[in-house]
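Inspection log for the structure reproduced underneath, given as structure tokens.
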């Protein structure tokens, strides 16, 4: 970002060149001020690198967390003698630190004037020659040393040693200290406010990215990134740097067919930037990301007052700081059908989990890869991306297939039920929500009579039970009572189907145990992360083992190789380690006793 083709902070560079080039001691320090994340540290690091290229002596220290002057001097000493920073001399370095504690003696009068006395000899002078050095003190407001004392300490270098000193700080925080103003007048002769050098910082962040494809994409989309920052009226480069790192992490988890589609990468980057900024600003909680879809629809249909996130009686300031204000700031973002899904983004921001499996599912059912093989209901799910002509063509087709009970996947039926409830509420489907609910119950009855095994297996779908979606798509109509009533009915039907299907599942487990003992473990034991549970890991809290004939289990177990026997037994131990699950698994106790007796025999 430049002004009149000059670097935005070019005037500061020019002054610092003048200041650092003075042949006589200036007798004052220079303050570079700016808020947290404004790019102060990035600016001074870049400037100090230029000084070192010019063979100028420059020592930098971050005062963040510093509690004593000896810590500061040790940091300077390590830069003068890098060997001291190595691990082999850690003990010696600690000894040096103890000696360095004989630091400056400072007294501050009530009028905040400084009285300085220094010891006749300091250990740093035995090792270093600070003459002609330029000292940089960063993060002054984060120093744990008393402000008056640390400023007096810095003043010693300026006034008594005649050195050039640059201080970097968030001055707004320093001004809360009553004595700061008086001390500043004695110490600081020139102050500059660092302006946000967006393009300069962004270019620096991009250069550090390892993958050349990511660097190229980000370089081509700097305007996209800046547009989000402008819309957000946000000036924090630390968040920008973190977002670049997050994008790199997501890119590495995408399949190759997604990496080569710039439209996918742009949508991911846009959404990642918006969520990062709004969460960091405190406008949005990471735990509420999944609610954005419902809030977005409510804002479009003037139903805000009925939505959990709404606040119709709020003041104008509260409305500005509410999640709904996000939609007004970023009209170019589709918060209803983002890629990946809202449930995926919530897991990413709230738990730090990058679910590659769910990411792949979201991709397969996304609008980016729709073709003639994409199911009609998936296309209809993306109705906001459809033309009127395509919508009017697809809706009757899905309605007919639904009426003819064409879909045999309970998750798909759940999706379509939610879509229909949504359309009914918006007046796009001439059927009441109550009628849709009754029809959906009849559909579940039909599935149960047709194939209980599918109904039973769907109940363990991790995409539904844990992330709140299925096949990479979030459920529509979740805010309607009719949808919740349907889910309750579906769950009861599943439980009934599970009970009826348990003997078949038991035989399946017995077969798996003979062919793959590790898969057997996955199927009966809890996964380490609830977001990473695979479809096979679905019986960790269901007493399914009691449906296996004890003699059959023992016979198959004894026929295994020794290592496989050991693995199966360890799996059984692990299965019962979670105490809260044992209440549900208690029905397996008699089965376990019988198996033990048979093994002892």
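Quick look at the values:
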quantity: Single unsatisfied condition, residue 199 versus (1) surrounded by 15 or more Cβ atoms within 10 Å (Cβ to Cβ); (2) at pLDDT 90 or above; (3) in a helix (DSSP H, G or I); calculated: (2)
quantity: Matching residues, region 154-174, being over 18 Å from residue 16 (Cα atoms) and in contact with a helix residue (DSSP H, G or I) (Cβ under 6 Å, 6 or more places away or on another chain); calculated: 155, 170, 173, 174
quantity: Residue count for region 139-173, restricted to those that are part of a loop (DSSP other than H, G, I, E, B), out of contact with any strand residue (DSSP E or B) (no Cβ under 6 Å at 6 or more places or on another chain) and closer than 19 Å to residue 195 by Cα; calculated: 1
quantity: Verdict on residue 151 being touching a helix residue (DSSP H, G or I) at 6+ places or on another chain (Cβ under 9 Å), under 26 Å from residue 189 (Cα atoms) and at pLDDT 65 or above; calculated: yes
quantity: Test set (1) assigned by TED's automatic domain parsing to the domain that holds residue 30; (2) in contact (Cβ under 8 Å) with a residue 60 or more places away in the chain; (3) closer than 21 Å to residue 48 by Cβ - residue 204 fails condition number; calculated: (1)
quantity: Any pair with Cβ under 6 angstrom, 6 or more apart, that starts in region 537-555 at a residue that is more than 11 Å from residue 509 (Cα to Cα) and ends at one that is at pLDDT below 90 and not in a loop (DSSP other than H, G, I, E, B); calculated: 537/522; 541/581; 541/584
quantity: Residue count, region 541-563 (criterion: part of a helix (DSSP H, G or I) and under 15 Å from residue 524 (Cβ atoms)); calculated: 6
quantity: Number of positions in region 228-243 that are in contact (Cβ under 8 Å) with a residue 12 or more places away in the chain and not in a loop (DSSP other than H, G, I, E, B); calculated: 11
quantity: Inter-residue pairs, beta-carbon under 7 Å, first over 16 Å from residue 272 (Cβ atoms) and in region 209-222, second not in a helix (DSSP H, G or I), 6+ apart; calculated: 215/209
quantity: Residue list for region 376-395, restricted to those being more than 11 Å from residue 416 (Cα to Cα) and either at pLDDT 90 or above or over 30 Å from the mean Cα position of the chain (by Cα) (or both); calculated: 386, 387, 388, 389, 390, 391, 392, 393, 394
quantity: Qualifying residue in region 254-277 (condition: over 19 Å from residue 224 (Cβ atoms), part of a helix (DSSP H, G or I) and modelled with pLDDT of 85 or more); calculated: yes
quantity: Hits in region 478-491 - residues which are in contact with a helix residue (DSSP H, G or I) (Cβ under 9 Å, 6 or more places away or on another chain) and either outside the structural domain of residue 448 (by TED's automatic domain parsing) or under 19 Å from residue 409 (Cβ atoms) (or both); calculated: 478, 483, 486, 487, 489, 490
quantity: Any hit, region 364-378, residues being assigned by TED's automatic domain parsing to the domain that holds residue 442, over 25 Å from residue 289 (Cβ atoms) and part of a helix (DSSP H, G or I); calculated: yes
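The values are calculated or read from the model by the stated rules, or taken from the named source; none is laboratory data. Since the structure is predicted, the reported quantities are computational estimates derived from the model, not experimental observations. Note that we place each Cβ from the backbone using ideal geometry, even for glycine, and neighbour counts take in every protein chain shown.
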